Amino acid sequence: MKIFIDSGGCSGFQYNFEIVNENEIDLTRDYIFLKNNIKVIIDDITLGMLNKCTVDYKIEMIRSSFEIIANPNAELGCSCGTSFSPKNMD
């Protein structure tokens, strides 16, 4: 699974999750983390915006999904939890 940030959403940037094949990983700019047999790929730009965040897998009656539940780099977040505004990172 790859996690990446795009501009958009109601707070300025939105979290995205995508299933990728091994040949889609760019070893020159992607970081690979492995925990509990789950491989998470994050590019170098996204890593700075998600450093020390918490990723969780949420199961609801109508769907199941990965989500960012705690991002210390976010100043503001939307109520649905899919977008954020980053802190000033001077």
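The values are calculated or read from the model by the stated rules, or taken from the named source; none is laboratory data. As the structure is a computational prediction, the values presented were derived from the model and not from experiment. So basically every Cβ, Gly included, is an ideal-geometry build from the backbone, and we count neighbours across all protein chains shown. Ligands, DNA and RNA are stripped out before the accessible areas are found, and what is left, the full protein with its side chains, is counted by its heavy atoms. Shrake-Rupley method; radii C 1.70, N 1.55, O 1.52, S 1.80 Å.
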Exactly one condition in (1) open to solvent by less than 60 Å² (accessible area, probe 1.4 Å); (2) in a strand (DSSP E or B) is false for Phe33; which is it?
(1)
Just need a number here: residues in segment 5-30 that are touching a helix residue (DSSP H, G or I) at 6+ places or on another chain (Cβ under 6 Å) and either over 14 Å from Asp43 (Cα atoms) or open to solvent by 50 Å² or more (accessible area, probe 1.4 Å) (or both).
1
Leading residue by the ranking (modelled with the highest pLDDT) among those in segment 60-90 that are open to solvent by 80 Å² or more (accessible area, probe 1.4 Å) and either among the polar types (S, T, N, Q) or under 18 Å from Ile19 (Cα atoms) (or both):
Arg63
Lone qualifier among Ile25, Ile38 - being at pLDDT below 90, of a type in the set (A, V, I, L, M) and over 22 Å from Glu75 (Cβ atoms)
Ile38
Selected residue (criterion: least open to solvent (accessible area, probe 1.4 Å)) from residues of segment 36-51 that are more than 9 Å from the chain's Cα centre (by Cα) and closer than 17 Å to Ser83 by Cα:
Gly48
Selection from segment 43-90 of residues that are acidic (Asp, Glu), in contact with a strand residue (DSSP E or B) (Cβ under 9 Å, 6 or more places away or on another chain) and outside any strand (DSSP E or B)
Asp44
